[in-house]
Amino acid sequence: MARKNPAIIALVAVVSGIVFADTFEIASWIFLLAALSLLPLLVFYHTSRKFLAAGAAGLGVLLLFSAYNYTFRMKTFPPGHVIHYAEIDKICTIYGEVDDWPVISENRTGIFVAVDSIECEGRRERSLGRLLLRINTETTVINYGDRIFFNAVIYPVRDGKNPVGFDYKRYLNLRSVFGTCYLPNQYTIQIDPAGQGDVFTLIDRMRRFILETFRESLGRDASAMSAGFLIGYTRDISTEVYGYFRDSGTLHLLAVSGSNVGLVAVLFVFLLRASSMKLPARTLLLLLIIIVFSFLAYNQPSVVRASVMASLVLIGRALQRRVDLNNIIASAALIILLFKPGDLFDIGFQLSFVTAWGLIFFVPRLTVPFKDYKTRWYYKYMIFPLIVCITAQLVSLPMCAFYFQRLPMISFLSNLVIVPLVSVIVIAEIILILAYLLLPYAGLMVGALLDPLIRFTLMLLRFFGTGDVGFVFKYNLPGAMLILYYMFLLVFVSALFSRLYRRMIVLLVLLTANVILVMGLIGNDKSPRLDIFSVPGGIAAVSQIGPAHLILSDLAVKDYLIAEKMIAPFLDSRSIKPDKIFILSADYHSLKEAYSLMNKYDSLSAFAPASARGSMNDIIGPGRTPFDSGRIIYYDEAAYPIGRENYESAVRGRSMIYRFDSSSIIFAGNHSDPDWLAGVIDEGGDLWVVVKARVDVEDLNRLSVVTSGKIQLIICNRLTPKARQFVKERMHICSDFPELIETSQVGAVELVVVNGRVEIRNKKIRIIDG
């Protein structure tokens with residue numbers, strides 16, 4: 001295998017090195033020194049014609065060098081790196097270059113900046129690293145390749161996973177982003193735009209021409225879908241249409257993939273066949289077209305993979321060499337990981353290469369029974385596309401379920417119908433662009449023919465994507481299940497042609513059944529559980545014992561619904577429908593968010609402070625007071641008991657209290673009385689966990705007079721700067737000072753009640769220390 005597929009062996013070494021470097025905290029220079037120390041051994045074995053030993057030494061060098069490359073790029077922070085400025089909390093002047101396409105969404109723009117120098121407190125020094133600049137408005141004045149400088153505070157990327165399990169810090173760090181900055185608008189940014197001859201400016205102008213061509217020639221939805229199909233530009237696609245793609249299992253069509261690159265290459269090969277250009281010249285032109293298309297499609301991992309593969313195939317054929325697809329795919333992965341080792345952990349990278357290898361491995365084996373029919377038209381246009389579609393779904397859907405906890409049940413049928421249509425649409429789009437470029441009226445004629453086809457595709461998407469046809473997993477699927485699935489798939493396909501593999505599949509089925517049984521026993525945890533996570537300005541918590549409770553406190557005013565963007569996705573990912581909703585603040589925005597959630601999940605009741613009655617009536621609107629009296633319950637300073645099976649709970653004074661056998665939890669709104677809060681804890685006995693959106697010095701002073709050792713843990717969205725200093729001073733002189741956790745820094749906190757005592761389930765969470 002090493003002689004036939006050397007690139008695969010090399011890829012295994014590189015991937016092993018990256019995974020090893022990511023798992024263990026080892027300095028980059030150690031990996032480099034170890035790699036260099038193996039080089040003489042490699043030379044010695046090679047000159048001694050001991051090729052097996054030389055190959056092993058070469059793999060060792062490759063493994064260690066890839067580990068060094070990953071550690072140096074992702075974990076090494078020399079003096080002047082942006083990560084050091086993210087800890088000083090002071091306004092700096094940042095100089096750098098925009099090194100990626102801006103991400104424009106509703107009322108905000110994200111700019112990735114490669115920093116070259118930073119000025120702070122009158123001192124300017126060279127810097128390195130990337131940061132994410134967030135602008136609270138939509139803007140297109142900043143483009144890829146522009147040099148910019150601006151004044152802002154550099155904040156660290158917050159740690160921990162978000163409520164639905166996504167680790168945003170790791171995601172940004174793998175893209176070499178180690179700080180974030182925030183600006184209200186783009187007007188304070190000084191821009192030195194890239195020249196008109198700059199390659200990125202030319203690419204951006206080409207992309208705008210494509211978008212304008214679609215908008216001129218097609219209807220609104222058709223032009224938006226066309227941009228998504230061809231170059232992955234999805235900004236103009238409405239939320240409703242985007243939902244059809246998601247629910248029908250065809251969302252991958254909006255992420256430009258290898259099929260797009262293949263269609264572009266095949267079309268231009270066909271067009272160039274009539275030219276008098278020789279093979280080397282045609283190859284160079286096709287390589288240029290592929291590179292330009294990759295940049296037009298924002299260099300998405302799937303596009304880069306397919307572009308590298310297509311380029312290697314073209315070069316191999318130009319050199320009249322035999323093309324082995326396994327080596328081509330492995331070589332493409334090696335090239336990508338050499339320049340961007342963090343892409344190994346990118347979902348798009350994994351999905352792209354797994355699907356490509358799945359097609360190469362399974363399709364030739366599944367087409368063996370049809371070898372006598374390969375020249376028939378129904379095989380070429382019906383059976384073979386069906387095999388490719390089913391294979392791609394069998395290979396890719398498990399990864400979608402693993403990462404997104406969602407499995408569209410209709411996707412097999414929808415992809416079988418829609419994917420061929422989209423392939424035709426992509427070819428027609430390229431013809432439309434070329435026609436519009438030569439003669440706009442000809443482009444309009446092509447657009448008149450293409451528009452009905454796209455609208456028909458939209459009708460199919462609406463048909464397949466309407467209704468609840470997806471299966472949502474309540475818990476994250478373990479990686480072992482994913483590995484077991486692919487093992488089962490490999491053995492099953494091989495068992496079609498081998499008796500030995502048919503015997504192996506029986507053993508694998510028994511092993512799978514036992515693994516599921518053990519996981520079911522391990523995961524059958526009935527302990528009371530509460531998930532607490534930060535939302536803009538406040539805290540949200542979900543109690544998952546018996547009928548679910550949702551607790552909201554002090555949500556900030558945003559230009560979007562926090563319930564829709566953050567809280568509902570968490571509830572949906574766990575298949576939770578809150579039975580009761582508790583609002584611990586009387587501000588209008590928190591009440592509005594709670595009301596929207598109550599309607600979405602048809603909750604039985606919502607509890608709000610008595611002082612919020614007028615605001616809630618305004619939110620509900622006139623003529624709907626019976627709804628108010630039936631489902632909105634107002635509470636005051638007197639305790640309002642909430643019936644629960646295994647413990648006591650009550651809401652009072654803008655606070656929610658849970659009492660267990662030997663510990664209690666109190667959720668306090670920002671406007672709850674600190675003296676009253678301390679009194680409740682001091683009189684209540686047992687150990688307490690305090691959860692509050694904002695904790696200031698006054699809160700800590702009041703809580704510090706509580707009987708020593710009674711407060712076990714304080715969880716908050718954020719500490720005020722003075723409160724943080726107070727904590728650092730107290731922790732050095734007070735041994736029983738409670739532990740503190742900021743959810744804005746660590747992500748979601750999961751509490752469980754074991755034998756009547758509250759414990760933190762996610763043990764690796766970072767506790768604030770002195």
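The values are calculated or read from the model by the stated rules, or taken from the named source; none is laboratory data. Here the structure is a predicted model, which is why all the values come from computation and not from measurement. No Cβ is skipped: glycine too gets one built from the backbone with ideal geometry, and neighbour counts run over all protein chains shown. Side chains included, ligands, DNA and RNA excluded: accessible areas come from the protein's heavy atoms. Shrake-Rupley method; radii C 1.70, N 1.55, O 1.52, S 1.80 Å.
Quick notes on this structure:
- All positions within the range 531-565 that are surrounded by fewer than 21 Cβ atoms within 10 Å (Cβ to Cβ) and either among the polar types (S, T, N, Q) or out of contact with any Asp or Glu (no Cβ under 6 Å at 6 or more places or on another chain) (or both): Pro536, Gln544, Ile545, Ala556, Val557, Lys558, Asp559, Tyr560, Leu561, Glu564, Lys565
- Of the residues making up the range 132-152, those that are open to solvent by 30 Å² or more (accessible area, probe 1.4 Å), under 13 Å from Ile191 (Cα atoms) and in a loop (DSSP other than H, G, I, E, B) are Thr140, Val141, Asn143, Tyr144.
- Test for Val509: is it modelled with pLDDT of 75 or more and among the β-branched types (Val, Ile, Thr): yes
- Every listed requirement among (1) modelled with pLDDT of 80 or more; (2) under 23 Å from Phe353 (Cβ atoms); (3) in contact with a helix residue (DSSP H, G or I) (Cβ under 8 Å, 6 or more places away or on another chain) is met by Val269 save one, (2).
- Sub-8 Å Cβ pairs linking a first residue in the range 24-42 that is assigned to a helix (DSSP H, G or I) to a second residue that is surrounded by fewer than 15 Cβ atoms within 10 Å (Cβ to Cβ), at least 6 apart or interchain, are Ser28/Lys75; Ser28/Thr76, ordered by first then second residue.
- Restricting the range 362-375 to residues that are free of Cβ contacts under 8 Å to residues at least 60 places away in the same chain and part of a helix (DSSP H, G or I), the residue that is farthest from Phe497 (Cα to Cα): Tyr373
- Remark: pairs (first residue in the range 482-505, in contact (Cβ under 8 Å) with a residue 24 or more places away in the chain; second residue surrounded by 15 or more Cβ atoms within 10 Å (Cβ to Cβ) and outside any helix (DSSP H, G or I); Cβ separation under 9 Å; 6+ apart in sequence or on different chains) are absent.
- Residue match in the range 43-59 (condition: within 21 Å of Leu344 (Cα to Cα) and in contact with a helix residue (DSSP H, G or I) (Cβ under 7 Å, 6 or more places away or on another chain)): yes
- Picking from residues in the range 693-703 that are within 11 Å of Asn717 (Cα to Cα) and open to solvent by less than 10 Å² (accessible area, probe 1.4 Å), the one that is farthest from the chain's Cα centre (by Cα) is Val695.
- Residues in the range 80-131 that are open to solvent by 50 Å² or more (accessible area, probe 1.4 Å) and assigned to a helix (DSSP H, G or I): His84 alone.
- Subset of the range 211-244 that is closer than 22 Å to Ala392 by Cβ and modelled with pLDDT of 85 or more - its residue that is surrounded by the most Cβ atoms within 10 Å (Cβ to Cβ): Met225
- Some residue of the range 263-278 being open to solvent by 30 Å² or more (accessible area, probe 1.4 Å) and under 34 Å from the mean Cα position of the chain (by Cα): yes
Residue-by-condition table, conditions (1) modelled with pLDDT of 85 or more; (2) surrounded by 18 or more Cβ atoms within 10 Å (Cβ to Cβ):
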{"residue": "Gln300", "(1), (2)": "no, yes"}
{"residue": "Ile329", "(1), (2)": "yes, yes"}
{"residue": "Pro341", "(1), (2)": "yes, yes"}
{"residue": "Pro364", "(1), (2)": "yes, no"}
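- Any hit, the range 321-328, residues being under 29 Å from the mean Cα position of the chain (by Cα) and either within 18 Å of Ser423 (Cβ to Cβ) or of a type outside the set (D, E, K, R) (or both): yes
- Scope the range 48-79; condition outside any helix (DSSP H, G or I) and not basic (Lys, Arg); matching residues: Ser48, Thr76, Phe77, Pro78, Pro79
- Within the range 242-292, if we keep just the residues that are in contact with a Pro (Cβ under 9 Å, 6 or more places away or on another chain) and in a helix (DSSP H, G or I), the residue that is nearest to Ile425 (Cα to Cα) turns out to be Leu251.
- Applying the criterion of being hydroxyl-bearing (Ser, Thr, Tyr) and modelled with pLDDT of 85 or more to the residues of the range 174-210, the residue that is farthest from Tyr155 (Cα to Cα) is Tyr187.
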